[in-house]
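Enquirer: Structure incoming, see below.
The values are calculated or read from the model by the stated rules, or taken from the named source; none is laboratory data. These numbers come from a predicted model, not from an experiment. Reconstructed Cβ throughout: ideal geometry from the backbone, glycine too, with neighbour counts over all protein chains shown. For accessibility, only protein heavy atoms count, side chains too; no ligands or nucleic acids. Shrake-Rupley method; radii C 1.70, N 1.55, O 1.52, S 1.80 Å.
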Amino acid sequence: MKITELTALELGAKIRAGEVTVKEAVQAALEQAKAAEPMINSYVTLDEEGAYAQAEEIQKKIDAGELTGPLAGVPVAVKDNMCIKGQLTTCSSKILSNFKPTYTAEAVENLKKAGMVILGKTNMDEFAMGSTTETSWYGPTKNPHNTAHVPGGSSGGSCAAVAAGECFGALGSDTGGSIRQPSSYCGVVGMKPTYGTVSRYGLVAYGSSLDQIGPITKDVSDCAAFLEVIASHDPKDSTSVEREDYDFTSALKDDVQGLKIGIPRDYLGDGLDPEVKEAVLAAAKVLEKRGAVVELFDLGLVKYAIPAYYTIASAEASSNLERFDGVKYGYRAAEYEGLHNMYKKTRSEGFGAEVKRRIMLGSFVLSSGYYDAYYLKALRTKALIKQEFDKAFEKYDVILGPAAPTTAPELGTSLSDPIKMYLGDIYTISVNLAGLPGISVPVGRDKKGLPVGMQLIGSAFAEKTLIRAAYTYECATGKAHEKMAEVKASEKEVR
Amino acid sequence: MANKISDETLDYVGILAKLELSGEEREAARTDMEKMLDYIDTLNELDTTGVEPMSHVFPVNNVFREDVVTNGDGREETLANAPQRKEDSFEVPKTIG
């Protein structure tokens with residue numbers, strides 16, 4: 001078996017047993033990346049030299065018995081909106097195209113503490129605003145299962161890199177579905193943890209009240225192991241939560257006997273691709289056969305999640321992105337007249353169309369005269385949406401549905417109609433509004449061979465329930481739907 | 001209800017957003033905003049009377065710590081990112097005429 005086909009935990013075990021060295025693991029991932037990158041474009045920065053240097057250091061610590069964790073020596077990738085000291089962190093934007101942070105994000109520090117090798121930074125929609133990874137200043141990432149299609153977004157680079165074997169797991173961030181939707185499109189496992197579980201220190205903010213970092217992995221066991229590494233209470237993030245449980249791998253149990261699962265009727269209605277519906281309902285049947293109690297129910301307010309989300313996220317984005325003004329870091333316009341003109345020119349030249357669109361909308365909904373009618377109205381709607389989930393979790397342990405209404409669309413077909421693109425986030429967005437955990441698990445393919453993802457949503461802090469249900473599904477199906485993408489030779493020759 | 005964004009509003013939002021949109025971009029921004037606001041207006045179907053605006057889903061409080069420096073002197077690293085610097089300062093265009 002090729003090294004790149006191993007899961008992160010399998011590789012970690014082989015490294016501990018001395019069957020594979022950390023250097024060999026890094027080499028295998030880098031070779032795969034070099035072969036696949038001309039077609040996929042998952043990475044903004046691939047740090048070959050740094051990766052080998054880390055490998056040497058980590059190998060020594062493993063040999064000396066200082067690093068004993070299950071993921072020590074495993075090469076991983078990090079979405080390019082998480083700071084790494086001294087390493088380019090661009091958010092896939094021109095305005096940060098030369099920015100080297102002076103500190104490292106807490107989640108990345110946690111990867112390092114566990115002895116993982118950081119291979120590089122992955123491509124994304126500019127400032128995580130988008131659903132296709134096509135708004136990146138560095139060009140779009142392609143879906144490794146079919147390079148004519150998008151990988152989803154905004155964590156498209158991370159998901160594509162995992163699916164193509166260019167790393168053994170990756171970090172993404174999820175503000176409205178940015179981990180779960182591309183995981184669904186790329187056939188990998190992706191989890192957005194409960195808000196506050198993973199520190200946002202060093203994550204470049206988009207919508208601060210919604211942003212959460214999470215793992216993107218080849219299977220459910222890796223997902224639990226990664227989450228165990230990155231979740232921590234961090235005094236440097238005032239919204240970081242001190243949890244009662246961090247032992248997520250203890251939930252890897254093949255058992256859903258008596259688990260109550262609800263499927264919202266509104267998640268199966270208009271706009272849902274019949275092939276996606278079929279695959280997701282078949283997956284629900286699998287869990288039912290293993291002893292779960294599955295029923296349909298009315299969640300309510302589903303259609304109001306997207307307008308509420310875009311109001312809140314755009315408002316927070318317009319405020320968060322004010323810091324990019326060409327003074328302290330990043331791009332500055334070449335020609336300007338005076339300070340204010342410098343700000344305007346820098347920002348107008350430095351941001352792409354989708355980012356400007358959201359900053360404009362956000363500035364509008366926060367402006368005096370519109371603040372109550374739009375921004376506060378959206379926050380009130382958010383409260384009602386949370387109540388709907390609270391009610392649902394009085395009856396159910398898990399809410400099950402699709403992660404996205406379709407499989408990955410073709411490149412170039414999404415950006416012209418923003419509202420249509422936003423509708424693709426209909427099943428994921430309300431989870432961020434309510435701060436809940438959600439996981440996307442591969443459950444099938446459409447006729448074109450593109451992956452379908454099932455989303456499981458839990459109540460706050462119920463990641464373990466999600467992991468148990470997802471793991472049980474995986475056991476029952478023998479990982480039939482988690483096959484890695486094959487990077488086709490014919491496409492290689494075309495490049 | 002179809003929203004119409006006037007030239008004055010577009011100018012005002014441009015000032016708040018510190019964005020200079022010209023020609024085509026400006027018209028696209030206007031159309032986009034009108035469409036999005038029409039869409040957001042569907043929220044008006046919901047009766048939210050008496051509902052408190054929810055900014056955070058969990059009760060969060062300010063977190064305080066002692067005002068002690070723990071991260072050392074990062075002056076040189078910080079200034080290294082400056083688009084323009086003058087000795088130990090960030091340099092900006094003249095602000096007072």
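Enquirer: Considering only residues that are outside any loop (DSSP other than H, G, I, E, B) and open to solvent by less than 20 Å² (accessible area, probe 1.4 Å), which ones fall in the stretch A:392-417?
Expert: A:Ala392, A:Val398, A:Ile399, A:Leu400, A:Gly401, A:Pro402
Enquirer: How many residues, within the stretch A:248-284, are free of Cβ contacts under 8 Å to residues at least 40 places away in the same chain and either in contact with a Cys (Cβ under 9 Å, 6 or more places away or on another chain) or in a loop (DSSP other than H, G, I, E, B) (or both)?
Expert: The total comes to 4.
Enquirer: Condition first: open to solvent by 40 Å² or more (accessible area, probe 1.4 Å), more than 7 Å from every other protein chain (Cβ to nearest Cβ) and within 30 Å of A:Asn432 (Cβ to Cβ). Now tell me which residues in the stretch A:332-363 satisfy that.
Expert: Once the filter is applied, which keeps residues that are open to solvent by 40 Å² or more (accessible area, probe 1.4 Å), more than 7 Å from every other protein chain (Cβ to nearest Cβ) and within 30 Å of A:Asn432 (Cβ to Cβ), the stretch A:332-363 yields only A:Ala353.
Enquirer: Okay, next question. Which of the residues spanning the stretch A:133-151 are open to solvent by 30 Å² or more (accessible area, probe 1.4 Å) and outside any loop (DSSP other than H, G, I, E, B)?
Expert: A:Asn146
Enquirer: Is it fair to say A:Gly258 is open to solvent by 30 Å² or more (accessible area, probe 1.4 Å) and farther than 28 Å from A:Ala373 by Cα? Can you show your working first?
Expert: Values: open to solvent by 30 Å² or more (accessible area, probe 1.4 Å): yes; farther than 28 Å from A:Ala373 by Cα: yes.
Considered against the rule, which asks whether it is open to solvent by 30 Å² or more (accessible area, probe 1.4 Å) and farther than 28 Å from A:Ala373 by Cα, A:Gly258 comes out as yes.
Enquirer: Also, I was wondering about something else. For the stretch B:72-88, what are the residues that are of a type in the set (D, E, K, R) and part of a loop (DSSP other than H, G, I, E, B)?
Expert: From the stretch B:72-88, those of a type in the set (D, E, K, R) are B:73, B:75-77, B:85-88; that's our starting set.
Matches in the stretch B:72-88: B:Asp73, B:Glu87, B:Asp88.
Enquirer: Looking at the stretch A:347-357, which of its residues are assigned to a helix (DSSP H, G or I) and at pLDDT 95 or above?
Expert: A:Arg347, A:Ser348, A:Glu349, A:Gly350, A:Val355, A:Lys356
Enquirer: Can you name every residue in the stretch A:1-16 that is open to solvent by 30 Å² or more (accessible area, probe 1.4 Å) and either aromatic (Phe, Trp, Tyr) or assigned to a helix (DSSP H, G or I) (or both)?
Expert: Selection gives A:Ile3, A:Glu5, A:Leu9, A:Glu10, A:Ala13, A:Lys14, A:Arg16.
Enquirer: For the list (1) away from chain B (no Cβ under 13 Å); (2) on the phi < 0 side of the Ramachandran plot, I need the number of the one condition that A:Gly478 fails.
Expert: Exception for A:Gly478: condition (2).
Enquirer: Among the candidates B:Val92, B:Val68, single out the residue that is within 30 Å of A:Tyr331 (Cα to Cα) and either within 7 Å of chain A (Cβ to nearest Cβ) or loosely packed, with under 14 Cβ neighbours inside 10 Å (or both).
Expert: B:Val92
Enquirer: Against the conditions (1) in a helix (DSSP H, G or I); (2) out of contact with any Lys or Arg (no Cβ under 6 Å at 6 or more places or on another chain); (3) of a type outside the set (Ser, Thr, Tyr), where does A:Lys344 fall short? Just the number, please.
Expert: Going through the list (1) in a helix (DSSP H, G or I); (2) out of contact with any Lys or Arg (no Cβ under 6 Å at 6 or more places or on another chain); (3) of a type outside the set (Ser, Thr, Tyr), A:Lys344 breaks only (2).
Enquirer: Restricting the first residue to the stretch B:49-71 and requiring it to be part of a loop (DSSP other than H, G, I, E, B), which pairs with a second residue that is among the β-branched types (Val, Ile, Thr) meet a Cβ separation below 6 Å and a spacing of at least six or different chains?
Expert: Sorted first by the residue in the stretch B:49-71, then by its partner, the pairs are B:Val60/A:Thr239.
Enquirer: Right, another one. Keeping to the stretch A:301-330, report how many residues are farther than 18 Å from A:Gly176 by Cα and open to solvent by less than 50 Å² (accessible area, probe 1.4 Å). Full working, then the answer.
Expert: So in the stretch A:301-330, the residues farther than 18 Å from A:Gly176 by Cα come out as A:322-330.
With the extra rule that they be open to solvent by less than 50 Å² (accessible area, probe 1.4 Å), the set shrinks to A:324-327, A:330.
Residues in the stretch A:301-330 being farther than 18 Å from A:Gly176 by Cα and open to solvent by less than 50 Å² (accessible area, probe 1.4 Å): 5 in total.
Enquirer: Among what's in the stretch A:378-391 and is open to solvent by less than 30 Å² (accessible area, probe 1.4 Å) and either more than 7 Å from chain B (Cβ to nearest Cβ) or charged (D, E, K, R) (or both), pick the residue that is nearest to A:Ser319 (Cα to Cα).
Expert: The qualifying residue nearest to A:Ser319 (Cα to Cα) is A:Lys382.
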